Amino acid sequence: MIQALSILYFLYVLVKVYISVMQIGYVARAKDMPPVLMKPSTWMKSARYLIANERLKIVETLVDYALFVFWLSWGLRWLDTMTWNMSPIMQAVVAVDLFLVVNYLFDLPFSLYKTFVIDERFKFNNMTPELFVADQLKGGLLTLGVASVLSAAIAWIVMEVPMWWFWSFLLLFAVVVLLNLLYPTVIAPMFNTFTPLKNEALKAKIDDLMQKSGFTSEGVYVVDASKRDNRLNAYFGGLGKSKRVVIFDTLLNKLSDNELLAVLGHELGHFRHHDIYKNIAMIGGILFVGFYIFGHLPTSLFMELGVRQTPAMLMVLFLLLIPVFIFIFMPVISFVSRQNEYAADRYAAKTCGAEHLISALKKLVDENKSFPKAHKLTIFFYHSHPQIVERLKALGDKSVDDRGKEDEAMKGECHI
C-alpha cells in the first residue's frame, strides 16, 4: 500500500513538473511573437514574470515531494511517538498542528522569494517586511485555531460515532460554508481596511445595477489592496446578509465608471447564475469522495507505516494526500469555472454593454501584466478563467489580433 501511494505521489509530482516545463517553453517562444493586447515592453515583462514564477513552482514541487518522502518514511512515526501518551483528542490537535507548522516552515522561503524577489523585481510588490510578518502571524494563528477545533471535533467523531467519515465530512463542509459566510465581515477585515465607497454618484450607479440584478448587499466598500501589490480586482463576498461589494483601491483610478460597472456586472452574473453555491456544492462532492476513501483505509497501511490507527494519523494522512486528490479533480473544476466565466461575461455584456466590459478586460490584462497566452495543459489543469483573447472574441470584439497561433508557438525546444 505504501508503494502504491508513493507511486501515485511521484506521478502527481511528475505531471506538475511536466506542465510547468511545457508552460515555460511555450511562453519563452510566445514572447518573441507579435504582442497581443499589450505594448511590446509589457508583453516581454509579463512573459518573464510568468516564467520566473513557473521556475519557482518547479522547485517548490520538488521540495514538496522531498517533504512527502520525509513524512512517509519517518515523519509520521515521529508525530505518533510525540503524541504517544496524550488522549486521542489531544493527539489529533498536536499532530495536525505540528504537521501544518512543519509544512509551513518549508513553504515560507518560497513565499518570501516570490514576494520580495520576483514580485519586487517586476514592480508588483508594495508589501513591507513588517506587513508580511503581520500577515503570516495572523494567518498562521487563524489556521491553527480552526485546525485545532476541527481536529478535536473530528477525533471525537471518529471514536464515538458510527460512519465517522460521513459525519466528519458534514462537519468540515459546514465549516467551509461558515467561513464563506464570515469571510467578508470577520476574516478579511483582519488583514485589510474596508471603507465605504465615498463616490456617491458611482455608489448610486452600483446600487441601481445591483437592484436590477436582485442582489442585496451589506454595502459597497473600497479595500486598501495597494498596500500589498498593484494588481486590480473587485469582487462580491459572503453569503446571505453578509454579502458585500468590494472594490480594490487600485481599480478606482484605472477604470472609468462604465468599465467598473461592467466588471461588477460580471460578478453579478456569477450571483445570478448561483455560481458560488455551485462551487460550494462541487467542493462538497469532492470532500465527500475524499472522506469516503479515507474512511475505508485498510489497517495494513498503518502497520506498514509503523504508526497506530488513531484519529490523529488518519487526519495527518488526509492532509498529506489531499493535494493529490484535489489535483485529480482540477481539470473538471477548471472547466466548469471557465464555462461560468463565459456566462458571467454574457450577463455583464447584456446589462452593462459589451463594449465597456471589453475595454475593462483589456485594461485589466495590461495593468495586471497577465500574459494572455498559455500552454494547453496549463489551461486544462489550472485556468479557472478562459484566455483573455477567447473572452474578448466571445464578447464580439472584432479588433482582437490573435497573431501567433498556438500550433506555431508549440514548435521548438523547451526552455527552463
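The values are calculated or read from the model by the stated rules, or taken from the named source; none is laboratory data. Fair warning: this is a prediction, and the values are worked out from it, not measured in the lab. When we count neighbours, we look across all protein chains shown, and the Cβ atoms used for this are built from the backbone with ideal geometry, even at glycine.
Residues of segment 328-370 that are buried (at least 16 other Cβ atoms within 10 Å of the Cβ) and acidic (Asp, Glu): 341, 345, 366, 367. Is it fair to say residue 74 is among the aromatic types (Phe, Trp, Tyr) and at pLDDT 90 or above? In short, yes.
Looking at 291, 302, 325, just one residue is without any contact (Cβ under 8 Å) to a residue 40 or more places away in the chain, buried (at least 18 other Cβ atoms within 10 Å of the Cβ) and out of contact with any His (no Cβ under 9 Å at 6 or more places or on another chain), and that residue is 302. Within segment 331-352, residues that are touching a residue at least 40 places away in the same chain (Cβ under 8 Å) reach partners that are among the polar types (S, T, N, Q) and not in a helix (DSSP H, G or I) with beta carbons closer than 6 Å, at six or more positions or on different chains, in the pairs 334/384; 337/384. Please specify each residue of segment 51-72 satisfying the condition of being among the charged types (D, E, K, R) and farther than 13 Å from residue 19 by Cα. 60, 64 - these are the residues of segment 51-72 that are among the charged types (D, E, K, R) and farther than 13 Å from residue 19 by Cα. Scanning segment 369-383 for residues that are closer than 19 Å to residue 29 by Cβ, part of a helix (DSSP H, G or I) and touching a residue at least 60 places away in the same chain (Cβ under 8 Å) yields 377, 378. When we screen 99, 124 for residues that are modelled with pLDDT of 95 or more and surrounded by 15 or more Cβ atoms within 10 Å (Cβ to Cβ), the only hit is 99.
For residues that are in contact (Cβ under 8 Å) with a residue 12 or more places away in the chain and of a type in the set (Phe, Trp, Tyr), scanning just segment 159-202, find the one that is farthest from residue 296 (Cα to Cα). Of everything passing the filter in segment 159-202, 194 is farthest from residue 296 (Cα to Cα).
Just checking, which of 66, 147, 153 is small (Gly, Ala, Ser), in a helix (DSSP H, G or I) and touching a Ser or Thr at 6+ places or on another chain (Cβ under 9 Å)? Give the steps one after another, and end with the answer.
Values: 66 fails: touching a Ser or Thr at 6+ places or on another chain (Cβ under 9 Å); 147 fails: touching a Ser or Thr at 6+ places or on another chain (Cβ under 9 Å).
Selected residue: 153, the only one of 66, 147, 153 that is small (Gly, Ala, Ser), in a helix (DSSP H, G or I) and touching a Ser or Thr at 6+ places or on another chain (Cβ under 9 Å).
A single entry from 67, 62 fulfils the requirement of being within 28 Å of residue 125 (Cβ to Cβ), at pLDDT 95 or above, in contact with a Gly (Cβ under 9 Å, 6 or more places away or on another chain) and of a type in the set (A, V, I, L, M): 67.
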